[in-house]
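Step one of this worksheet: look at the structure below.
The values are calculated or read from the model by the stated rules, or taken from the named source; none is laboratory data. Bear in mind that the values here come from a model prediction, so they are computed numbers and not experimental data. Cβ coordinates were reconstructed from backbone atoms using ideal geometry, including for glycine residues, and neighbour counts include every protein chain displayed.
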Amino acid sequence: MNLYYIHLGLDYYDYIESNNELRYEFQQHTNFIDDYFSKAIRKHKYRTDGTYNMISVSTTEFELKSTKLQGFGDVIGVNLPFDRNRYEKMKGTEDCSYYLELLEEGFKKASEFKEIPLETLLNIIEEFKQGGCKNEWVHKKKRFKEDDLEVVLTCQFTTNYFQLVATINQISTKKEVVRGVLIRTEVGVSIHEGMYKDVLVKDDEILITDKSDSPRIRINKAKIFDGVLDYLVMGDKEIVEMLSYQI
């Protein structure tokens with residue numbers, strides 16, 4: 001069993017009834033950190049002792065619980081005090097220092113209970129800081145030689161939003177022709193997950209498909225060479241109508 005997940009949030013049981021709105025809000029703002037650290041630790045393929053595949057750092061304003069191996073989901077649960085005033089001051093900004101301090105303290109506390117890759121986890125924190133606390137990755141890069149175009153889809157996942165950025169280059173000149181944000185959503189993996197998958201060129205359009213392989217974004221191919229990113233994000237109803245017409 002490998003260490004596969006890292007999680008930071010407010011204690012579920014302390015807040016699910018007393019203040020679930022705050023719990024959900026905090027989770028939204030830390031979701032990009034969960035995503036980054038979980039992906040980062042998986043690359044190291046750290047093999048645990050077989051009793052856990054996740055480290056969960058939970059914060060609370062109530063009585064602290066002991067660090068323990070939880071009986072569900074193979075999780076090491078670490079409980080830390082929550083400073084709501086500090087959270088409120090940084091909420092809505094790009095500052096994520098408090099979240100990283102909680103992770104560092106949580107990792108160190110977990111290492112007292114179980115053997116974990118502490119040095120690796122602390123290094124990931126430093127790498128994240130040095131990278132400007134950005135969770136960005138190239139989702140798709142495709143070249144369409146007949147159209148003299150290269151399309152690059154980049155995901156930018158922050159504490160306040162997620163966005164999908166398209167960069168379209170001309171292959172023959174090796175120059176960027178146009179760049180722009182295609183999708184911008186609230187934070188939370190479940191909100192944007194599945195909205196984008198592949199890139200296709202069909203007739204006079206560049207199509208961005210979703211997880212069901214249906215066209216989600218339609219880009220005017222001709223206007224690209226004029227430096228204009230002219231696109232339409234289709235809703236579910238529009239997709240159904242378009243597919244029905246094609247059939």
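One residue stands out in the range 8-24 among those that are within 19 Å of the chain's Cα centre (by Cα) and in contact (Cβ under 8 Å) with a residue 60 or more places away in the chain: the one that is nearest to V75 (Cα to Cα), namely L8. T30 satisfies every condition listed in (1) over 19 Å from G92 (Cα atoms); (2) β-branched (V, I, T); (3) under 18 Å from the mean Cα position of the chain (by Cα) except (1).
In the set E104, E94, only one residue is of a type in the set (D, E) and modelled with pLDDT under 95; that residue is E94. Can we say V151 is surrounded by fewer than 13 Cβ atoms within 10 Å (Cβ to Cβ), at pLDDT 95 or above and of a type in the set (A, V, I, L, M, F, W, C)? No; evaluated as a whole, the condition is false for this residue.
Please enumerate the residues belonging to the range 77-91 that are hydrophobic (A, V, I, L, M, F, W, C), modelled with pLDDT of 95 or more and within 23 Å of the chain's Cα centre (by Cα). Across the range 77-91, the qualifying residue is only V78.
Residue-wise test of (1) buried (at least 18 other Cβ atoms within 10 Å of the Cβ); (2) not assigned by TED's automatic domain parsing to the domain that holds R216.
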{"residue": "D74", "(1), (2)": "no, yes"}
{"residue": "K142", "(1), (2)": "no, no"}
{"residue": "F157", "(1), (2)": "yes, no"}
{"residue": "Y161", "(1), (2)": "no, no"}
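In this structure, does L64 turn out to be in a loop (DSSP other than H, G, I, E, B), outside the structural domain of G188 (by TED's automatic domain parsing) and not basic (K, R)? When the stated conditions are applied, L64 passes them. Within the range 202-213, not a single residue is more than 30 Å from H29 (Cβ to Cβ), crowded, with 18+ Cβ neighbours inside 10 Å and at pLDDT below 95.
Take the conditions (1) in contact (Cβ under 8 Å) with a residue 60 or more places away in the chain; (2) buried (at least 19 other Cβ atoms within 10 Å of the Cβ); S58 misses just one of them, which is (1). Report yes if some residue within the range 45-55 is basic (K, R), surrounded by 13 or more Cβ atoms within 10 Å (Cβ to Cβ) and without any contact (Cβ under 8 Å) to a residue 60 or more places away in the chain; otherwise report no. Taking every residue of the range 45-55 in turn, none turns out to be basic (K, R), surrounded by 13 or more Cβ atoms within 10 Å (Cβ to Cβ) and without any contact (Cβ under 8 Å) to a residue 60 or more places away in the chain.
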